[in-house]
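Novice: First the structure, which I've put down as structure tokens, then a few questions once you've had a look.
The values are calculated or read from the model by the stated rules, or taken from the named source; none is laboratory data. Keep in mind that this is a model prediction, so the values were computed, not measured. Neighbour counts run over all protein chains shown; Cβ positions are idealised from the backbone, glycine included.
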Amino acid sequence: MLNIFRQRGLSMVELLVTLAISSFLILGITQVYIDNKRNYVFQQSQADNLENSRFSTLMLDELLGKAGYRRVPDQEMFDAFPASSALSEHCAAFPIEAVITKIKPDLGSDQVGFCIRYQPATAGELICDGSATTLTKDKPFLYPALTDTVYVAIKFTPHASDLNKGTLRCITSTASAELVDGIADMSIEFGSGLTSEKRLTASTPFKLAEAWSTTDGPVRAVRYSVLAVSRNNQRVGDSNIYTQYLTTARATAKKRLVEQDKNQIYQLVTGAQAIRNVMP
């Protein structure tokens, strides 16, 4: 007598329906994963941009706050800061009493920045390049020697092919140190006024630092913009910050930004500071 067993299992139709439903579930989960990963990358890139922006602002404001500082306040400006060509490789000459001047960009480059000078408050005070200051007369209420004056050049240098590799550097007579990278562009404007005016007026508006000359009078305020940028291919769609920045960018900077834009994420920070140490 033959034993007949009933066969049990999935039919071909049931298997195909199961595979179809599973495919839709897998596609949905995959899309959620891709979206979350894209959002995570965007947030990380923005966090890096914010960190670079805040650090740049902190460093620039701190340095501008030191410009023109005199260790003994009753020392005359023309005695404390005579005409000087220190850091002449990087900086234009400092006129008498001037504590800020423009940089001398390398031929064919798109470098931007400014140069300052000040007297150190104490011996051992750190300069932005990491070195310590020295004072020939360390006792209080003594005029420091002219050789004690600190000269600093702050220079933005773009990369030849990658916006994310642009750097902001601190340059002194003894060293050069990178302050921050991931900078796509920088703009510096000087607000100047004649010595007799002792103030910044509407007749002496801000102008680009590279267009400033000694005939405009000493610099009494500095306005800056720093454009931070992420790595390539981190952005989907357009960037309002990038588009708006291009409308006011210098011609050379605009050309470079357009050529090197590879879907990066941008962050813009701006600031302005009066040079309080030279105010009457």
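Novice: Looking at the structure I just gave you, is residue 28 of a type outside the set (Lys, Arg) and without any contact (Cβ under 8 Å) to a residue 24 or more places away in the chain?
Specialist: Values: of a type outside the set (Lys, Arg): yes; without any contact (Cβ under 8 Å) to a residue 24 or more places away in the chain: yes.
Yes; evaluated as a whole, the condition is true for this residue.
Novice: Scanning the range 151-205 for residues that are more than 17 Å from residue 55 (Cβ to Cβ) and among the basic types (Lys, Arg), which turns out modelled with the lowest pLDDT?
Specialist: Among those residues, the one meeting the criterion is 198.
Novice: For the range 96-108, which positions are touching a residue at least 24 places away in the same chain (Cβ under 8 Å), buried (at least 19 other Cβ atoms within 10 Å of the Cβ) and not hydroxyl-bearing (Ser, Thr, Tyr)?
Specialist: First, pick out the residues of the range 96-108 that are touching a residue at least 24 places away in the same chain (Cβ under 8 Å): 97-103, 105.
Add one more test, that the residue is buried (at least 19 other Cβ atoms within 10 Å of the Cβ), and what stays is 98-103.
The answer is 98, 99, 100, 102, 103.
Novice: A follow-up question, please. Taking the conditions exactly as written (of a type in the set (A, V, I, L, M, F, W, C) and under 15 Å from residue 269 (Cα atoms)), does residue 211 satisfy them or not? Lay out the reasoning, then the answer.
Specialist: On the way: of a type in the set (A, V, I, L, M, F, W, C): yes; under 15 Å from residue 269 (Cα atoms): no.
The answer is no for residue 211.
Novice: Taking the range 214-241, which residues are touching a Gly at 6+ places or on another chain (Cβ under 9 Å), more than 29 Å from residue 275 (Cβ to Cβ) and surrounded by fewer than 20 Cβ atoms within 10 Å (Cβ to Cβ)?
Specialist: Result: 231, single match.
Novice: Restricting to the range 109-124, and then to whatever is surrounded by 16 or more Cβ atoms within 10 Å (Cβ to Cβ) and over 20 Å from residue 79 (Cα atoms), can you tell me which residue is modelled with the highest pLDDT?
Specialist: Initially, the range 109-124 is screened for residues surrounded by 16 or more Cβ atoms within 10 Å (Cβ to Cβ), giving 110-120.
Still in the list and also over 20 Å from residue 79 (Cα atoms): 110-114.
Numbers: 110: 82, 111: 87, 112: 92, 113: 93, 114: 96.
My answer is 114.
Novice: Checking residue 101 against (1) in a loop (DSSP other than H, G, I, E, B); (2) closer than 16 Å to residue 190 by Cα, only one condition comes out false. Which one?
Specialist: (1)
Novice: Related question: Could you tell me whether residue 265 is β-branched (Val, Ile, Thr), surrounded by 16 or more Cβ atoms within 10 Å (Cβ to Cβ) and under 17 Å from the mean Cα position of the chain (by Cα)? Before you say what the answer is, go through the steps one by one.
Specialist: On the way: β-branched (Val, Ile, Thr): yes; surrounded by 16 or more Cβ atoms within 10 Å (Cβ to Cβ): yes; under 17 Å from the mean Cα position of the chain (by Cα): yes.
Yes: the conditions hold for residue 265.
Novice: If you go through the range 63-77 one residue at a time, do you hit one that is among the acidic types (Asp, Glu), buried (at least 16 other Cβ atoms within 10 Å of the Cβ) and assigned to a loop (DSSP other than H, G, I, E, B)? Show your work before the answer.
Specialist: Filtering the range 63-77 for residues among the acidic types (Asp, Glu) gives 74, 76.
From what is left, the residues that are buried (at least 16 other Cβ atoms within 10 Å of the Cβ) are none.
For the range 63-77, residues among the acidic types (Asp, Glu), buried (at least 16 other Cβ atoms within 10 Å of the Cβ) and assigned to a loop (DSSP other than H, G, I, E, B): absent.
Novice: Would you be able to say whether some residue in the range 132-146 is over 28 Å from residue 184 (Cβ atoms) and touching a Lys or Arg at 6+ places or on another chain (Cβ under 6 Å)? Steps first, answer last, please.
Specialist: We begin by selecting, within the range 132-146, every residue over 28 Å from residue 184 (Cβ atoms); these are 132-146.
In the following step, the residues that additionally are touching a Lys or Arg at 6+ places or on another chain (Cβ under 6 Å) were identified as 144.
Checked the range 132-146: at least one residue is over 28 Å from residue 184 (Cβ atoms) and touching a Lys or Arg at 6+ places or on another chain (Cβ under 6 Å).
Novice: Hey, among 122, 101, 136, which residue is polar (S, T, N, Q), touching a helix residue (DSSP H, G or I) at 6+ places or on another chain (Cβ under 9 Å) and over 29 Å from residue 225 (Cβ atoms)? Write out each step before concluding.
Specialist: Values: 122 fails: touching a helix residue (DSSP H, G or I) at 6+ places or on another chain (Cβ under 9 Å); 101 fails: over 29 Å from residue 225 (Cβ atoms).
Only one candidate passes the filter, namely 136.
Novice: Also, I was wondering about something else. Does residue 92 meet the test of being surrounded by 13 or more Cβ atoms within 10 Å (Cβ to Cβ), more than 24 Å from residue 135 (Cα to Cα) and modelled with pLDDT of 90 or more? Outline the logic, then answer.
Specialist: Numbers: surrounded by 13 or more Cβ atoms within 10 Å (Cβ to Cβ): yes; more than 24 Å from residue 135 (Cα to Cα): yes; modelled with pLDDT of 90 or more: yes.
Considered against the rule, which asks whether it is surrounded by 13 or more Cβ atoms within 10 Å (Cβ to Cβ), more than 24 Å from residue 135 (Cα to Cα) and modelled with pLDDT of 90 or more, residue 92 comes out as yes.
Novice: Let me ask something else. What is the one condition in (1) out of contact with any Leu (no Cβ under 6 Å at 6 or more places or on another chain); (2) modelled with pLDDT of 90 or more that residue 227 does not satisfy?
Specialist: Status for residue 227: all satisfied but (1).
Novice: Identify all residues within the range 151-169 that are under 11 Å from residue 128 (Cβ atoms) and surrounded by 22 or more Cβ atoms within 10 Å (Cβ to Cβ); write none if there are none. First the steps, then the outcome.
Specialist: In the first step, residues of the range 151-169 are kept if they are under 11 Å from residue 128 (Cβ atoms); the result is 152-154, 168-169.
Selection gives 152, 153, 154, 168.
Novice: Among the residues of the range 242-261, which ones are surrounded by 15 or more Cβ atoms within 10 Å (Cβ to Cβ), under 20 Å from residue 45 (Cα atoms) and not hydroxyl-bearing (Ser, Thr, Tyr)?
Specialist: Answer for the range 242-261, where residues must be surrounded by 15 or more Cβ atoms within 10 Å (Cβ to Cβ), under 20 Å from residue 45 (Cα atoms) and not hydroxyl-bearing (Ser, Thr, Tyr): 257, 260, 261.
Yes/no per residue for (1) touching a residue at least 60 places away in the same chain (Cβ under 8 Å); (2) closer than 20 Å to residue 211 by Cα:
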position	(1), (2)
54	yes, no
70	yes, no
82	yes, no
86	yes, no
94	no, yes
122	no, no
129	no, no
